[in-house]
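Colleague: Just passing along the structure, written as structure tokens.
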Ligand code: AMP
């Protein structure tokens, strides 16, 4: 099986971390061509983020990792095998801070500069808002200042770059994140291999969102502690050699740990350990 991944840009680091965390052993070398995965029958093809969709469409790669925004821009109908939760951003419409437009509809009749011309054209056409799309390959946010357009459609995550360039968002066209896409034929022919890879990636992503908690407590406090620990399928409760004491193990949302620990302590837990989860398959 062949997986195409970005060789440059902001999706590279999180993608490589995900693949390594999933247990794939490969050398990155100069990220120029192909890396053979040592422990799984898989080749990793390093290509430009913008080219991933094409490689998968043409079956040069069976699977690929790219941004959902680029998939939308390609207008290829590739199946999304799994959303990967990183590389989150929005494709947003924006105007100079002091412009009149307040809503996306107010862009009717204006020129819009964007590096996502197809997705932008389609979005406005679907809503029957007439706009003139000016395709640019970069530096979209300076287009209004250069007099190339009255508005832009650009990717943002925090919005800081846009604000720095004196732009104000008037609405989002789509929200994006990294996605695992597949070639439709390959997905059918290699259903088990694809499933295994997708499951492993999903297991890493699930694991990252959770923590494994271990603690000791007096058996009589079990009810209070259980109420605090819904866990995945309820906590495991293990009797300890010391009479009247139990150990409780539970999986909790990583975001909850901060508020949970003092409450567990208050409910009688001692020796509380918080452990990372490498992989989790619910
Ligand atoms: P690159 O241009 O190679 O750094 O990668 C661009 C891809 O990263 C985009 O197509 C998006 O899918 C994703 N991305 C995530 N956050 C942002 C952002 N704030 N600006 C641009 N691209 C982003």
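Each reported figure results from applying straightforward, stated rules to the coordinates on display, with no laboratory input. This is a predicted model, so every value here is computed, not measured. Ideal geometry is used to build each Cβ from the backbone, glycine not excepted, and the neighbour counts take in all protein chains shown.
Colleague: Work out how much length residue 34 to residue 255 would gain on full extension: take 0.36 nm times their residue separation and subtract the Cα-Cα distance, in nm to one decimal.
Modeller: Stretched fully, the residue 34-residue 255 segment lengthens by 75.8 nm.
Colleague: Which whole number of Å³ per residue matches the convex hull of the alpha-carbon atoms in the stretch 89-176?
Modeller: Taking only Cα atoms, the stretch 89-176 has a hull volume of 80 Å³ per residue.
Colleague: Quick one: divide the alpha-carbon radius of gyration of the stretch 13-125 by 2.2 N^0.38 Å and tell me what you get. Can you show the working numbers first?
Modeller: On the way: Rg = 18.3 Å, N = 113, 2.2 N^0.38 = 13.3 Å.
Normalised Rg, Cα atoms only: 1.38.
Colleague: In nm, give the distance between the simple-model label positions of residue 195 and residue 102, each being 7 Å from the Cα along the Cα-to-Cβ direction.
Modeller: Going from the residue 195 label point to the residue 102 one covers 5.4 nm.
Colleague: Which angle from 0 to 90°, rounded to the nearest 10, does the C-alpha axis of helix 12-21 make with the longest principal axis of the chain?
Modeller: 30
Colleague: Quick check: residue separation of residue 188 and residue 281 times 0.36 nm, minus the Cα distance between them. What number comes out in nm?
Modeller: Full extension of this stretch gives 31.2 nm more.
Colleague: As a footprinting exposure proxy, order 275, 19, 155, 174 by other Cβ within 10 Å, with the fewest listed first.
Modeller: Going from least to most buried by this count: 275, 174, 155, 19.
Colleague: Which part of the stretch 141-159 falls in the paramagnetic zone of residue 129, meaning amide N under 18 Å from the point 7 Å along Cα-to-beta-carbon?
Modeller: In the stretch 141-159, the label zone of residue 129 (backbone N under 18 Å from the point 7 Å along Cα→Cβ) covers 141, 144, 149-156.
Colleague: Classify the stretch 210-276: rounded, prolate or oblate, from the alpha-carbon gyration tensor (a ≥ b ≥ c, eigenvalue square roots; a/c under 1.5 rounded; otherwise prolate if a/b is larger than b/c)?
Modeller: Here the stretch 210-276 falls in the prolate category.
Colleague: Here is a follow-up. When 224, 51 are ordered from fewest to most other Cβ atoms inside 10 Å of their Cβ, what list results?
Modeller: If I rank by nearby Cβ atoms, fewest first, I get 224, 51.
Colleague: Could you pull the Cα extents of the chain along its three principal axes, largest to smallest, in whole Å?
Modeller: Computed over the chain, the largest-to-smallest principal extents equal 78, 48, 33 Å.
Colleague: If you stretched the chain out fully between residue 75 and residue 142, how much longer would it get, using 0.36 nm times the residue separation minus the C-alpha to C-alpha distance?
Modeller: Working: separation 67, 0.36 × 67 = 24.12 nm, distance 2.64 nm.
Full extension from residue 75 to residue 142 adds 21.5 nm.
Colleague: Same structure, new question: If you take the beta carbon distance between residue 273 and residue 17 as r and set R0 to 30 Å, what does 1/(1 + (r/R0)^6) give as a FRET efficiency, to the nearest 0.05?
Modeller: 0.75
Colleague: With the Cα gyration tensor of the stretch 1-78 giving a ≥ b ≥ c as the square roots of its eigenvalues, does the rule (a/c under 1.5 for rounded; else a/b larger than b/c for prolate; else oblate) give rounded, prolate or oblate?
Modeller: Since a/c reaches 1.5 and a/b is larger than b/c, the shape of the stretch 1-78 is classed as prolate.
Colleague: Between residue 88 and residue 122, what is the label-to-label distance in nm when each label sits 7 Å out along the Cα-to-Cβ direction?
Modeller: Each label point lies 7 Å from its Cα, and together they span 2.4 nm.
Colleague: Can you put 198, 74, 175, 137 in order of Cβ neighbours within 10 angstrom, beginning with the fewest?
Modeller: 137, 175, 198, 74
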